[in-house]
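Since the structure comes first, as structure tokens, the remarks are kept for the end.
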Amino acid sequence: MAGPPKKRQRREDKQEGELPQKKYYRQRAHANPFSDHDLTYPESPSAMDWSQHYPAFIATEEQESTTPNPADTTDSHPKPKKMTQQVTIADIGCGFGGLLFALAPRFPQSLILGMEIRTSVTEFVQDKITALRKQAQTTSNTSPHTSTTTDHPTMNGSSAPPPPSYQNISCLRANTMKFLPNFFPRSQLHTIFLCFPDPHFKTRKHKARIVSPTLNSEYAYVLRPGGKIYTITDVEDLHCWMVEHLAGHASFERVAEEEVEGDVCVEVMRRETEEGKKVERNGGRKFVAVFRRLEDPPWP
């Protein structure tokens with residue numbers, strides 16, 4: 001007698017527009033970033049095709065004539081489709097995507113990308129985005145936003161956000177510790193989130209922490225001046241580590257506490273991530289630190 005369907009079959013059996021269930025996408029909580037994960041990544045940012053992730057933001061023929069294309073490739077490779085917007089917000093280690101889904105209606109004109117190394121978790125976020133887009137399409141007669149409105153790193157929440165279409169969020173499987181500059185050119189991002197990263201408690205594992213002098217230089221490279229890195233963890237030792245290493249980097253300064261408390265991104269980060277909700281349920285503490293990307297000094 002045949003046993004119950006395997007997890008993958010359970011995923012495929014759901015109806016179109018039906019939200020995925022986490023129990024069919026579970027896997028180990030941690031992944032070794034130094035292992036070979038059989039990843040697919042662009043050889044350079046110019047080779048990255050974002051159209052498959054944000055189809056509502058593909059430039060029309062009329063827009064192509066007026067939209068500069070940062071993805072200019074050599075003749076040996078096909079040029080990716082032009083986009084009306086670039087990705088400007090990245091959630092590194094996005095997990096099951098709680099932050100992505102919360103940010104989508106708050107930044108409808110910003111393209112937000114979740115980057116996750118675990119295969120099944122990435123598939124869950126991708127399947128949920130597909131389902132939410134389908135639901136939004138069937139319940140709304142309006143077309144998705146494709147305007148080129150200027151990005152806003154923070155919002156004051158004074159006006160109600162429009163109903164989300166979730167066209168502005170996506171997720172891909174990536175090892176950002178190795179390949180972040182393969183996806184983004186210099187100064188493309190205005191926001192990076194590092195939410196509840198693996199603390200790697202053992203001293204010999206500290207090299208795998210997502211904040212380090214080398215990685216901080218990569219964050220500085222892809223962040224525009226004035227952009228921010230948001231960090232949150234429930235591990236005080238890791239919080240102190242991230243603060244020490246980011247504050248010690250010449251390209252970053254810590255944002256003052258009064259500015260942090262008034263930042264909608266901090267509030268969303270505290271309350272909408274899966275780990276944040278878990279810490280809340282368990283009565284734990286959350287440690288937040290935000291750092292601003294400084295202007296590069298002039299050349300001598």
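All conditions but one from (1) within 16 Å of L189 (Cβ to Cβ); (2) modelled with pLDDT under 85 apply to H53; the one that does not is (2).
Could you give me the residue pairs with C-beta distances under 7 Å whose first residue belongs to segment 96-111 and is within 12 Å of F124 (Cβ to Cβ), whose second residue is assigned to a helix (DSSP H, G or I) and of a type in the set (K, R) wherever it lies, and which are 6+ apart or on separate chains? Going by the 7 Å Cβ cut-off, the qualifying pairs are F96/K22; G97/K128.
Among the conditions (1) closer than 23 Å to G97 by Cα; (2) out of contact with any helix residue (DSSP H, G or I) (no Cβ under 8 Å at 6 or more places or on another chain), P197 misses just one, which is (2). Screening F101, F124 for residues that are at pLDDT 95 or above and under 25 Å from L39 (Cβ atoms) leaves exactly one candidate, F101.
Scanning segment 197-235 for residues that are aromatic (F, W, Y), within 18 Å of the chain's Cα centre (by Cα) and either over 20 Å from A104 (Cα atoms) or at pLDDT below 95 (or both) yields Y219, Y221.
Residues in segment 104-121 that are among the aliphatic types (A, V, I, L, M) and either part of a loop (DSSP other than H, G, I, E, B) or at pLDDT below 95 (or both): A104, I117, V121.
Name the residues in segment 198-244 that are closer than 27 Å to D296 by Cα and of a type in the set (S, T, Y), would you? The answer is S212, T214, S217, Y219, Y221, Y230, T231.
The values are calculated or read from the model by the stated rules, or taken from the named source; none is laboratory data. The model shown is predicted, which means the values in this text are computed figures rather than measured ones. So basically every Cβ, Gly included, is an ideal-geometry build from the backbone, and we count neighbours across all protein chains shown.
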